[in-house]
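Read through the structure below, which is laid out as structure tokens, and then see the notes.
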Amino acid sequence: AEYMGRFDVLEMGHKDKAEKLKGHLARSIEVSKRGPLMTLMPQSLVQWQLHVIEQLQSSTKLLSRPLAAVSLAGSGKFVLFVITILHWFADPALGWVPARNTAAALSVCGIGKAIFKGPRPYWLSDKIKMWDPTLEASFGFPSGHTTGVIALYGYLAYFYKSVEGGLAVAILCFLIALSRIQTGAHFIHDVVGGAVIGSIFFVLSIDEFGYAWPDNQGSLTNAFVLCTFASLTFVVVVAANLTNGRLCYRDFKESISGAGFLLGAGILHILAHFSAPPPLADSIPRLHGVAVEVIGLIAIEQIIKRVPQDANGMQSVLGMCVITVLFGMMFVWTYWILPNLFVLIGHTVS
């Protein structure tokens, strides 16, 4: 009941989900209080941030729902939808870079969550309410929303060389960062940490800076780097959090999904090394293509949700391996299976 009271604004269709989170939250809160981040961070700084968030929520309550809606633009599902739209409607020269760099940024973000085990503001103060419609219950540091929007939307603004787009992205990133704090989902230091990680991967995608990681579709070197990065992410998460041979997927969704996408990108490079992926079918209406792609992604997500877990939401290492591979299949479905599927069913291609 103590934790249920913190979801007061989210009774519109989320009450059952919040009820299921009670046991998970109780365990996560205790773990985070003993975690490295709370051990290293001065308590005076934590209390000051809690006070700022309390004051922000009390003075901007009317903005809670608009900001919660803005926050959704940085959620994992929305980012995946944006990447799907890019696949069908954007300049083909974008290649796999937006998806790959975002996945890499989220993997690093996930490693941070797994190691530092930072709490979320509403875990530490019953005066702070959770107004985020995604009901985030994983560890808080760093912010995955902030990481993803800077890495993805920042690169898109750069690619299209649009001053207006860059300004719009800057405003969107600021609003999402503000929403993560105002909705009680993140501390200020979580958002700053996410912004730093997202900015690093944004820089790594800019040719003019000299650090850009080339797309080079079909490169076995890229495949090796991506698969190694994915494996490292998985190993760090498991090694840092394994308890009696099991761990909770809900705590590490960002790191596991990021690792899976990187694994999928690596597999994609291997496939492209032997046979270039076919172009999108010209005779398929773009919106139809998006619909088929989204249906496939939803189907994979439903399979992920059905990977066995115990009554406490804990899964075996094998179960986490299966989930990681399934996330990788989302990447392969989007960029390899679907284009080949359209060829197999007889549609002409450009």
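The values are calculated or read from the model by the stated rules, or taken from the named source; none is laboratory data. Just so it is clear, the structure is predicted and the values come from calculations on it, not from any experiment. For neighbour counting, all protein chains shown are included, and Cβ atoms are generated from backbone atoms with ideal geometry for every residue, glycine included. Quick note on the areas: whole protein, heavy atoms, side chains included, nothing else; ligands and nucleic acids left out. Shrake-Rupley method; radii C 1.70, N 1.55, O 1.52, S 1.80 Å.
Here is how the numbers come out for the structure above:
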| read-out | value |
| --- | --- |
| Matching option when the condition is assigned to a loop (DSSP other than H, G, I, E, B) and of a type in the set (S, T, N, Q), among ASN216, ASN222 | ASN216 |
| GLY148 being over 16 Å from ASP190 (Cα atoms), open to solvent by less than 40 Å² (accessible area, probe 1.4 Å) and either assigned to a loop (DSSP other than H, G, I, E, B) or among the small types (Gly, Ala, Ser) (or both) | no |
| Output for the range 70-84, where each listed residue is out of contact with any helix residue (DSSP H, G or I) (no Cβ under 8 Å at 6 or more places or on another chain) and surrounded by 15 or more Cβ atoms within 10 Å (Cβ to Cβ) | none |
| Residues of the range 77-118 classified as in contact with a Leu (Cβ under 8 Å, 6 or more places away or on another chain) and within 18 Å of VAL46 (Cβ to Cβ), total | 3 |
| Residue within the range 285-296 that is part of a loop (DSSP other than H, G, I, E, B) and at pLDDT below 85 present | yes |
| Residue check for ARG120: within 30 Å of ALA26 (Cα to Cα) and either buried (at least 22 other Cβ atoms within 10 Å of the Cβ) or among the aromatic types (Phe, Trp, Tyr) (or both) | yes |
| Pair list, Cβ < 7 Å and 6+ apart or interchain, from the range 274-294 residues that are within 13 Å of HIS87 (Cβ to Cβ) and of a type in the set (Lys, Arg) to residues that are part of a helix (DSSP H, G or I) and at pLDDT 75 or above | ARG286/TRP88; ARG286/PHE89 |
| Members of the range 82-128 found to be assigned to a helix (DSSP H, G or I), farther than 18 Å from GLY328 by Cα and among the β-branched types (Val, Ile, Thr), listed by number | ILE85, ILE115 |
| Lone qualifier among PHE327, PHE342 - being at negative phi and modelled with pLDDT of 85 or more | PHE327 |
| Condition met for PHE141 (closer than 29 Å to GLY296 by Cβ, open to solvent by 10 Å² or more (accessible area, probe 1.4 Å) and not basic (Lys, Arg)) | no |
| Some residue of the range 185-204 being closer than 28 Å to PHE89 by Cβ and of a type in the set (D, E, K, R) | no |
| Selected residue (criterion: nearest to ASP190 (Cα to Cα)) from residues of the range 53-69 that are open to solvent by 30 Å² or more (accessible area, probe 1.4 Å) and within 26 Å of the chain's Cα centre (by Cα) | LEU56 |
